[in-house]
1. Out of A:178, A:172, report the one residue that is surrounded by fewer than 20 Cβ atoms within 10 Å (Cβ to Cβ), more than 16 Å from ligand 2 (Cβ to nearest atom) and within 14 Å of another protein chain (Cβ to nearest Cβ).
2. Given (1) touching a Lys or Arg at 6+ places or on another chain (Cβ under 7 Å); (2) small (Gly, Ala, Ser); (3) free of Cβ contacts under 8 Å to residues at least 12 places away in the same chain, identify the lone condition not met by residue B:56.
3. Would it be correct to say that residue B:94 is touching a strand residue (DSSP E or B) at 6+ places or on another chain (Cβ under 7 Å), within 30 Å of residue A:161 (Cα to Cα) and at pLDDT below 95?
4. Kindly provide the set of residues from the range A:223-241 that are under 12 Å from residue A:129 (Cβ atoms) and open to solvent by less than 30 Å² (accessible area, probe 1.4 Å), ordered by number.
5. Could you list all residues from the range A:122-138 that are assigned to a loop (DSSP other than H, G, I, E, B) and open to solvent by less than 10 Å² (accessible area, probe 1.4 Å)?
6. Only residues that are under 10 Å from residue A:280 (Cβ atoms) and either within 16 Å of ligand 2 (Cβ to nearest atom) or basic (Lys, Arg) (or both): list them for the range A:123-139, please.
7. Only one of these conditions is not met by residue B:121: (1) of a type in the set (Val, Ile, Thr); (2) in contact (Cβ under 8 Å) with a residue 60 or more places away in the chain; (3) farther than 24 Å from residue A:279 by Cα. Which number is it?
8. Among the residues of the range B:64-93, what is the count of those that are in a helix (DSSP H, G or I), under 14 Å from residue B:110 (Cα atoms) and not small (Gly, Ala, Ser)?
Amino acid sequence: MTPNKSLPVVTDADAPPASPRDGVDPIGDGPLDPARRAFLRTAAAGTAVAALASCSSGVDMEDFLRKHFKELSPDELKKVLAKVEKRNQERFGKKTTVSAKGPQPGVEYGYGLDISRCVGCRRCVYACVKENNQSRTEPQIHWIQVLEMDKEHGVDLAHADLYYEADAVPRPGKFYFPVQCQQCRNPPCVKACPTQATWKEQDGIVVIDYDWCIGCRCCMSACPYGARHFNWATPNLPAEELNPDQHYLGNRPRPKGVVEKCTFCIQRVREGRYTACVEVCPVGARKFGNLLDPESEIRKVMETKRVFVFKEELATHPQFYYFYAT
Amino acid sequence: MGYVRPRMGALAVVAALAVVPGWARAAEAAPGATPKAPAAKATRPEAKPVLVQAEAPPFSEGIYPCSACHAGMPKNGTRRELVFHDEQQSIFDHGADQRWCLDCHDLQNRDVLRLANGAPVPFTESYRLCGQCHGDKYRDWRVGVHGKRVGHWNGEKTYFLCVNCHNPHSPRFKGVQEIVSGGKKTVAPTLTYLKPEPRPKRPEEQRR
Ligand code: SF4
Ligand code: SF4
């Protein structure tokens with residue numbers, strides 16, 4: 001990724017404190033040396049860390065001093081995963097498996113959404129909540145947002161309604177436009193993040209390390225799709241509804257005060273499965289597969305249908321494609 | 001359920017079909033389709049994804065085999081009102097001006113369907129019948145662009161039949177429901193439109 005000059009970069013000291021150490025260029029181009037780590041390195045010997053650790057009871061010194069996810073050795077990774085499982089056990093009294101399975105070589109995920117099929121039933125929204133251990137209420141967090149739009153206006157956000165209520169869908173004269181993380185190839189959120197808590201994986205999934213995120217919400221303001229969601233309170237997730245099959249970069253329960261997002265159900269797709277929203281959609285409007293496989297459903301969509309990306313003019317180059325099958 | 005599907009007979013055929021890749025079967029079902037070049041397959045190391053046909057929605061009780069009643073009845077191919085099959089006739093909305101029962105059901109053998117050229121088709125391959133008119137949808141369905149698939153994006157997946165989502169007697173899509181029939185889970189079309197799940201909370205309704 002090359003730094004994009006058109007995006008604002010917070011570097012001067014009078015800007016709001018986006019990074020723990022002001023004055024550090026938050027955009028690292030090469031190997032990771034995040035501002036947070038640099039801060040910790042200088043502060044580790046001093047009292048700053050002790051002060052930090054004592055002021056918020058949830059912070060664990062070991063978590064704080066650990067390396068960036070991408071720099072962890074297999075042994076360190078194992079420990080980190082075991083720790084998440086232990087935390088799950090304490091918080092929910094339930095055994096969970098947390099994987100950190102990496103991308104498969106030769107795979108680049110693509111997602112297709114057939115706007116001529118979607119009926120706006122929101123089944124996908126709730127399947128996602130369930131699969132990905134989102135907070136149910138207070139805060140209510142939905143990674144998928146289904147917009148109702150007027151056929152008359154076409155894809156036009158000025159006329160979109162996220163809060164439509166109806167006894168039956170689709171409603172006459174309306175069509176539906178679900179929006180979730182578009183897994184951009186040129187992701188503004190990644191560039192905006194001062195701590196490199198978020199990045200794009202080899203297979204195209206934009207992930208967040210929830211232990212690394214400082215909740216500054218720079219990524220949220222950078223995302224043109226509203227696809228990142230900040231949890232203001234500890235996610236409200238009943239233990240009996242906890243999905244125990246988790247991925248470190250995906251659906252593990254989030255702590256309070258981090259930004260969350262869709263990861264194409266990383267815990268499922270890296271095992272070869274379809275995402276939860278694909279499986280639940282009653283009309284088959286959602287398509288998923290490997291863009292590098294000419295036989296995949298997503299490639300057939302790309303080759304035979306009218307395909308477009310949302311907010312193309314922003315050059316985010318999504319890996320999420322909308323199409324009209326008819 | 002407004003329409004009917006075979007019970008035990010169909011289950012046996014479905015089970016037999018399940019081991020054959022649907023892709024290959026669908027391709028062979030379309031006479032015009034160019035067979036896939038084997039060379040193209042050889043370049044891909046992984047095996048071709050296995051397609052498994054979903055359980056077809058069940059027939060209404062006591063309807064199949066049709067021959068149970070029709071065997072003893074005189075064969076009458078004249079287009080007319082059918083009193084007994086009123087539950088189908090009352091909802092029939094599939095080009096009703098041009099079409100009636102025997103355009104799809106076989107007069108000689110009531111337990112099969114028939115193509116426009118007169119060839120019999122088992123109920124389990126009804127997509128061949130649908131594909132005669134809806135060629136574009138059929139082509140899309142065969143490659144997974146139309147219709148729904150569940151399972152693995154790079155491996156075994158279950159595909160649904162036309163009749164899992166569309167009632168052939170009233171095919172406009174309204175909604176689908178999951179049903180369990182004979183201990184097996186399947187999906188069947190509904191005759192009422194879906195109600196959406198609750199809307200998200202507005203920001204002002206969320207406690208912070
Ligand atoms: S489940 Fe499918 S049809 Fe329903 S809103 Fe989501 S994408 Fe649209
Ligand atoms: S809120 Fe967003 S920008 Fe800030 S640290 Fe977390 S992921 Fe990075």
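1. It is A:172.
2. (3)
3. no
4. A:229, A:235, A:237
5. Once the filter is applied, which keeps residues that are assigned to a loop (DSSP other than H, G, I, E, B) and open to solvent by less than 10 Å² (accessible area, probe 1.4 Å), the range A:122-138 yields A:122, A:132, A:133, A:134, A:135.
6. Those that are under 10 Å from residue A:280 (Cβ atoms) and either within 16 Å of ligand 2 (Cβ to nearest atom) or basic (Lys, Arg) (or both): A:123, A:130.
7. Unmet for residue B:121, out of (1) of a type in the set (Val, Ile, Thr); (2) in contact (Cβ under 8 Å) with a residue 60 or more places away in the chain; (3) farther than 24 Å from residue A:279 by Cα: (2).
8. 2
The values are calculated or read from the model by the stated rules, or taken from the named source; none is laboratory data. Since we're looking at a predicted model, the values are computed, not measured. Cβ: placed from backbone, ideal geometry, glycine included. Neighbour counts: every protein chain shown. What goes into the accessible areas is simple: the full protein's heavy atoms, side chains included, and nothing from ligands, DNA or RNA. Shrake-Rupley method; radii C 1.70, N 1.55, O 1.52, S 1.80 Å.
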